[in-house]
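Notes for the one structure printed next.
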Amino acid sequence: MNRIRVSADEEPPATAREQALSQEVKRQTDQLQAINNVITAASRSEDVQHTLHAALEAALSIIPLEASGISLIDRVAGELVMCAQRGWKYDFTSTPMRIKLGTGLSGQAVMSGEVVITGDVAHDPRLVVPAFAEEQIKAQALVPMRARGSVIGVLSVMSRSPYAFSEGEIKTLQVIADQVGLALDNARLTESMRAEQSRLKAVLDSTADAIIATDDAGRINLVNHAAEKLFSLRAEMIMGRPLREAPLLPFDRAQMEAAMRHDEDAPPQTRMIEARLANERYLFGFVSPVYSPQHAQPDENPRDAWVAVFQDVTHIKAAELARILFIQMAAHELRTPIAVTLSALNLLRSSIKEPTPRDLEIYDIALRGINRMQDLVDDLLDLERLESGVDFRHEPVNVPELVERCAIDIGPVLERKNQTLRLEVDPSSPSVPGDERWLYRALINLLSNAHKYTPNGTPVTVRVTAEGDEMLIQVEDAGPGVPLDALPHLFKRFYRAHANDPSVQGTGLGLSIVKSVAERHYGRAYVQSDTRGSTFGIALPLQGGGEAAQA
């Protein structure tokens, strides 16, 4: 057998199959490179025109054609608008070519969502822009650009001589079109997000409330202008720092940490912060958790994201203090003539050696009027002090001891009607945070109310129970009950359910004071009544503060 020898510097001629394979590899490499160029342009540039022109270059780099263009849908106008072109004879972008949606060749690609391939467009009955016929296009492929399931535009490639598009070319054009569509949709979403952020920033910076927010890691990521001004700092000083460590010097550090503390078994709650500054300014704020939208329930979010909103309420406190001072001065000025009148009345009574029944009746009427006026002045002053919160204390209050003291002080009053006082109080009941002076006043008012409406010789019961996170202090009487139509009005100022009963004296402010005391302690006042008697009570939070305020 004869053998053919091939020298080291000689190679066998390439077969047609190898050449075709090499060309196919090069074609696919060029396609991948074109697609990669589009993706790179879309990811590195925020300029939409740069992305569009990169797509046109990529399309013409893989298909030997002369021209390409991109049209985008204007949903508001209901039109397809030419936005970029390359290799055209005429400029259809400076004054954009607009085609009504659903019409023309491009409209067919949009409506069908499929590639439309044409021959000579000058004689195509679907042509709706006569000026486009002057481009002398003999072959064209219009590829819909898709993003998140919707067509947002059309990528077209054109030849001025007949051309047969291969299946591989169409697929590559579709990939390029979809990449551009996704990039444009992402750019639209990014722009929309930036616009929302800009609007939100404008709102936050225009508000008078100081706002500071943190991310999921507890680091500060938002500080508005009001916060910078209120705390005399620059945003860059605290951005990225934990809220607990921020130099918000006017606030007590313990208050901030307490507001952001929560049990692992319970979700975070909105907490209230109140502080009096060294320069006689008052600040009031709320610290609230921010829940991530990825979590369906608040307790599923273990992160440490918070938003704190602060207000400078110095002017409000000043107005409240001025009001209190005015009422105090008015009360003082009223007390003096009341005392003088009472003294003169008693002197007149003692000067009459043998008063007639008529004299005694007139004396009693005047004495009751003077005493009622004195009570009215005192009650109004107490209400104003309560609602302003001036000099209000937050200290642990031993409820059993409080009840015992009230029982001793009210004893002589109950004896006038031979009433007995029953105490149902557990000595080990927990303390509640609050002001003992005002809680004493509220309980005395409830006992006095029960005394007035309870018949002679019947019992009055004080009951203290802890239910859930509340302490209930109740006074139960055996009176006639409260009319159903009067129940919604009992805690209003000057309202008296039995105003026509001359035997029941009062200013109509006792229960209003009870309600104000309960609310000042972040609790509530309530009543239960039927024909067998009434139960008035106050519910106080065992922990106090923000949880109750939120509730």
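So the values come out like this:
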read-out: Shape category assigned to the range 384-447 from the gyration tensor of Cα positions, a/c cut at 1.5; value: oblate
read-out: Whole-Å distance, taken between Cα centres, linking the range 134-174 and the range 327-402; value: 95
read-out: Cβ-placed point charges (K, R +1; D, E -1), dipole of the range 313-391 about Cα centre in debye, nearest 20; value: 220
read-out: Net lengthening on full extension, residue 208/residue 100 (0.36 nm per residue, minus Cα-Cα); value: 34.0 nm
read-out: Protection proxy ranking of 165-175, 89-99, 349-359 - average other beta-carbon atoms within 10 Å, highest first; value: 165-175, 89-99, 349-359
read-out: Prolate/oblate/rounded label for the range 313-391 (Cα gyration tensor, a/c 1.5); value: prolate
read-out: R0 of 22 Å, Cβ-Cβ distance residue 290-residue 186: FRET efficiency to nearest 0.05; value: 0.30
read-out: Distant-in-sequence amide H partners of residue 83 (H built 1.01 Å from N, under 5 Å); value: 70, 71, 72
read-out: Neighbour-count order for 373, 329, fewest beta carbons within 10 angstrom listed first; value: 329, 373
read-out: Theoretical gain in end-to-end length, residue 486 to residue 362 [0.36 nm per residue, Cα-Cα removed]; value: 41.4 nm
read-out: Cross-link partners of residue 89 among lysines (Cα-Cα below 28 Å; sequence separation of 8 or more within a chain); value: 100, 138, 171
read-out: Packing-based ranking, highest mean first, of 374-381, 474-481 given that Cβ atoms within 10 Å are counted; value: 474-481, 374-381
read-out: Packing-based ranking, highest mean first, of 333-346, 399-412 given that Cβ atoms within 10 Å are counted; value: 399-412, 333-346
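Read-outs throughout are calculated quantities, based only on the coordinates presented, and are distinct from any laboratory measurement. Since this is a predicted model, take the numbers as computed values, not measurements. Neighbour counts are summed over all protein chains in view; Cβ atoms, including those assigned to glycine, are modelled from backbone coordinates with ideal geometry.
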